[in-house]
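Reviewing the structure listed below.
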Amino acid sequence: MTRLVRGLAGLAAVGLAASLAPATAAPAMAAARADLPVASTVTVTGAGFGHGVGMSQYGAYGQAQEGRKAEQILPHYFSGTTVSAAPDARPIRVNLAHGVSSLALSSEALESGGGAWQLTVDATSVILGSGDRATVTSSDATVVVAVTRGDGTAEQYAGARVGVEWSGGAGALAGGPATIVKVGSDQLRRGTVEILPSAAYGGSKGRLEAVAVLSLHAEYLYGLAEVPSSWPTEALRAQAIAARSYALGIVLAKPAGTRGCGNCNVYDTDASQVYTGWKKEGERSGSTVWGDRWRSAVDATTAGADSGLVVKDASGNPIRTYYFSSSGGRTRNSEWVWTSALSYAKSVDDRWSTGSYNPNRSWTVNFAASKVASAFGVSGIAALAVTAKDGSDAATTVTATDATGATKQLDGETFRTRLGLKSAWVRSISLDVPAVVTPPPAAPPAVDPPSLSIVYRQAGERVHNGRQWRTTCIDYGQTHRCTAYAVATFYVRDKGAKGGYARRVDFKPMATAYDTPATAAWGRSPYGKDGTWKDAKGLTWKTTCTPDAGPRQCTVSVNKKLISRVKVKGGYRYVAKPTWVVQRYVRLTVPR
């Protein structure tokens, strides 16, 4: 199992899950095309620590803080279960060292007169003291023991099995003063130890198995280092009950153990449950003996001389109580993580994992993109996304896109394992992929504006649209300029006429048209750009161009008063109305 103590009790962190993605929708993947830019760094953010099945340890912590008992906490995480007593007075074999080449042995007195220990090599007993040392190796299926006495003398023994007992433990020296024996990096206050050749159990020649033999009821739980001993009492009790249930379930299922680890039932690592022996039981800080607090919590889960509290299913059988550090807010069904669907391992609310007391309520990890590419077996990472999630919001499918646009998928568990992520509750994935610079589309070729009406581009007289026109034109440089006149009715001031105005019908200038290349000079001219201005007489002019740059046509108008005749009662009246009158047409063409 994944253990919380990695984060709080100083054990090495071994990552679990992960991937990448939003909680409601998978991010868009890069379009499949060649030569996609690839990332050099991948950043993953997430929450929680562990596989997510069963009891959340930080969830138990949060519930204990809210006043819940262990007997309430555990059924919350294990659906349809109850907590009650079950016989647990059974031996449990804990593998301390698997397939190692050598082991160093020694002892240390915990009480006055302690320190005695004994090796039994086949039928030969070797009595040792706290100043003596031993080194164990293996040759084929034989265990070789080299003893160095405190006075410097050396002895050597060989056999098929080495038993280790010590004062105050179990076995022949059980009644003596308290002692701890050191087996490699392990320190044991309780039980006995067997050292066996790996080759005799299907392993490699020249390798060793070290197995502690403990009482599940009276010894094993004291050495479990799954959570800090400073935690609330009910969280510690919940952990002790879960650990007992887990171990009892394994022992009941296979009492003889597993051959490949020296007939062990469990390992001392998070492959089973983290067992550190005296390091946990004797843990202290200053005058505070934290180990006493943990032992008290364990003792508060016993139910007699040979039984303890366990978690049971509806049939009354102890269940395999999986547990982990913390979730992203909800636990996971067992079949979402492994293969089997366990009736008691269902997804439940775990909001307590998101509390500020959990150091893994959120996390961020940066990877070299080459490592991620290697996990997927691709040459580079152009895009990466969580493309499927389970009901707890944990990743179940992660999709990578390589530089060619091809995609490859990993299931969520494989992804988290290969990258060593803390969990599968991935919140986001970001890549430092260089932006794809797409050149702007080429501007369409410049096109001349439509030709002006014939009356503004050809000299001569003509009838156009039922009206008489007269046009005069002149060319200078590349400019063709025409002024158009049309027969029109207009009024002029005449003091002798009725109303002071006389009606005239005659040719009248309409507008002047310019057909000329669109040069920079026209871009500066008020006739060649949008805008309004006033002339020296105070008249307002405006120019409107379509478009406002390049080849275009501009219409130039002036706002002036025109005389019109308005019918009134008893006659007519002449009125001067401000009117926009077109004075210029400017057709600016593509320079040739």
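Things to note:
- Verdict on T417 being in contact with an Asp or Glu (Cβ under 6 Å, 6 or more places away or on another chain), farther than 30 Å from T483 by Cβ and open to solvent by 20 Å² or more (accessible area, probe 1.4 Å): no
- The single condition from (1) surrounded by fewer than 21 Cβ atoms within 10 Å (Cβ to Cβ); (2) assigned to a strand (DSSP E or B); (3) touching an Asp or Glu at 6+ places or on another chain (Cβ under 9 Å) that P177 fails is (2).
- Residue identified as of a type outside the set (S, T, Y) and touching a helix residue (DSSP H, G or I) at 6+ places or on another chain (Cβ under 7 Å) among G528, G550: G528
- Test: residue in the range 481-498 that is touching a His at 6+ places or on another chain (Cβ under 8 Å) and on the phi < 0 side of the Ramachandran plot: no
- Scanning the range 506-521 finds no residues that are within 30 Å of G46 (Cβ to Cβ), touching a Pro at 6+ places or on another chain (Cβ under 8 Å) and surrounded by 12 or more Cβ atoms within 10 Å (Cβ to Cβ).
- Looking only at the range 549-592, and only at residues there that are among the charged types (D, E, K, R) and more than 19 Å from P526 (Cα to Cα), the one that is farthest from the chain's Cα centre (by Cα): K569
- Residue check, L342 in contact (Cβ under 8 Å) with a residue 12 or more places away in the chain and either exposed (fewer than 15 other Cβ atoms within 10 Å of the Cβ) or within 15 Å of the chain's Cα centre (by Cα) (or both): no
- For the range 389-410, filtered to residues that are touching an Asp or Glu at 6+ places or on another chain (Cβ under 9 Å) and open to solvent by 30 Å² or more (accessible area, probe 1.4 Å), the residue that is farthest from F49 (Cα to Cα) is T404.
- Of the residues making up the range 110-141, those that are out of contact with any Pro (no Cβ under 7 Å at 6 or more places or on another chain) and in a strand (DSSP E or B) number 16.
- I92 vs. criteria over 26 Å from E335 (Cα atoms), at pLDDT 95 or above, more than 25 Å from the chain's Cα centre (by Cα) and open to solvent by less than 10 Å² (accessible area, probe 1.4 Å): yes
- Candidates A521, A511, A488 - the one that is outside any strand (DSSP E or B) and at pLDDT 90 or above: A521
- Residue check for V298: among the β-branched types (V, I, T), within 23 Å of Y77 (Cα to Cα) and in contact with a Lys or Arg (Cβ under 7 Å, 6 or more places away or on another chain): no
Residues are listed down the side, and each one gets a yes or a no for (1) touching a strand residue (DSSP E or B) at 6+ places or on another chain (Cβ under 8 Å); (2) basic (K, R); (3) closer than 18 Å to W294 by Cβ; (4) not in a helix (DSSP H, G or I):
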residue: G203; (1), (2), (3), (4): yes, no, no, yes
residue: G206; (1), (2), (3), (4): yes, no, no, yes
residue: Y222; (1), (2), (3), (4): no, no, yes, no
residue: P228; (1), (2), (3), (4): no, no, yes, yes
residue: L236; (1), (2), (3), (4): no, no, yes, no
residue: Y246; (1), (2), (3), (4): yes, no, yes, no
residue: L252; (1), (2), (3), (4): yes, no, no, no
residue: P255; (1), (2), (3), (4): no, no, no, yes
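- Given (1) more than 60 Å from the chain's Cα centre (by Cα); (2) outside any strand (DSSP E or B); (3) surrounded by 14 or more Cβ atoms within 10 Å (Cβ to Cβ), number of the condition S451 does not satisfy: (3)
- If only residues of the range 576-589 that are open to solvent by 30 Å² or more (accessible area, probe 1.4 Å) and of a type outside the set (S, T, Y) are counted, the one that is farthest from P450 (Cα to Cα) is A576.
- Against the conditions (1) closer than 30 Å to V100 by Cβ; (2) surrounded by 23 or more Cβ atoms within 10 Å (Cβ to Cβ), W231 satisfies every one except (1).
- Criterion (outside any helix (DSSP H, G or I), open to solvent by 10 Å² or more (accessible area, probe 1.4 Å) and more than 23 Å from P87 (Cα to Cα)) met by exactly one of A210, A199, A271: A271
- Count - residues of the range 528-548 that are surrounded by fewer than 19 Cβ atoms within 10 Å (Cβ to Cβ), more than 57 Å from the chain's Cα centre (by Cα) and in a loop (DSSP other than H, G, I, E, B): 5
- For the range 357-370, the condition holds for no residue, the condition being that it is among the hydroxyl-bearing types (S, T, Y), crowded, with 22+ Cβ neighbours inside 10 Å and closer than 21 Å to G54 by Cβ.
- Lone qualifier among E219, E281 - being of a type in the set (D, E), under 24 Å from A97 (Cβ atoms) and open to solvent by 30 Å² or more (accessible area, probe 1.4 Å): E219
- Considered as a group, the residues in the range 420-435 that are modelled with pLDDT under 95 and within 18 Å of N366 (Cα to Cα) include one that is least open to solvent (accessible area, probe 1.4 Å), and that residue is V433.
- Scanning the range 406-423 for residues that are among the acidic types (D, E), farther than 30 Å from V590 by Cα, free of Cβ contacts under 8 Å to residues at least 60 places away in the same chain and not in a loop (DSSP other than H, G, I, E, B) turns up at least one hit.
- Selected residue [in contact with a strand residue (DSSP E or B) (Cβ under 6 Å, 6 or more places away or on another chain), surrounded by fewer than 24 Cβ atoms within 10 Å (Cβ to Cβ) and acidic (D, E)] from D151, D140, D186: D186
- Residue within the range 349-367 that is at positive phi and in contact (Cβ under 8 Å) with a residue 40 or more places away in the chain present: no
- Scoring A89 on the criteria (1) touching a residue at least 60 places away in the same chain (Cβ under 8 Å); (2) farther than 22 Å from G175 by Cα; (3) outside any strand (DSSP E or B) leaves a single failure, condition (2).
- Qualifying residue in the range 287-295 (condition: closer than 21 Å to L421 by Cβ, part of a helix (DSSP H, G or I) and out of contact with any strand residue (DSSP E or B) (no Cβ under 8 Å at 6 or more places or on another chain)): no
- The residue pairs whose first member lies in the range 235-256 and is touching a residue at least 24 places away in the same chain (Cβ under 8 Å), whose second member is assigned to a helix (DSSP H, G or I) and among the aromatic types (F, W, Y), and whose beta carbons are closer than 6 Å, counting only pairs six or more residues apart or on different chains, are A235/Y61.
The values are calculated or read from the model by the stated rules, or taken from the named source; none is laboratory data. These figures come from a predicted structure and were not determined experimentally. As a convention, Cβ positions derive from the backbone with ideal geometry for all residues, glycine included, and neighbour counts pool all protein chains shown. Areas reflect the complete protein model, heavy atoms only, side chains present, ligands, DNA and RNA absent. Shrake-Rupley method; radii C 1.70, N 1.55, O 1.52, S 1.80 Å.
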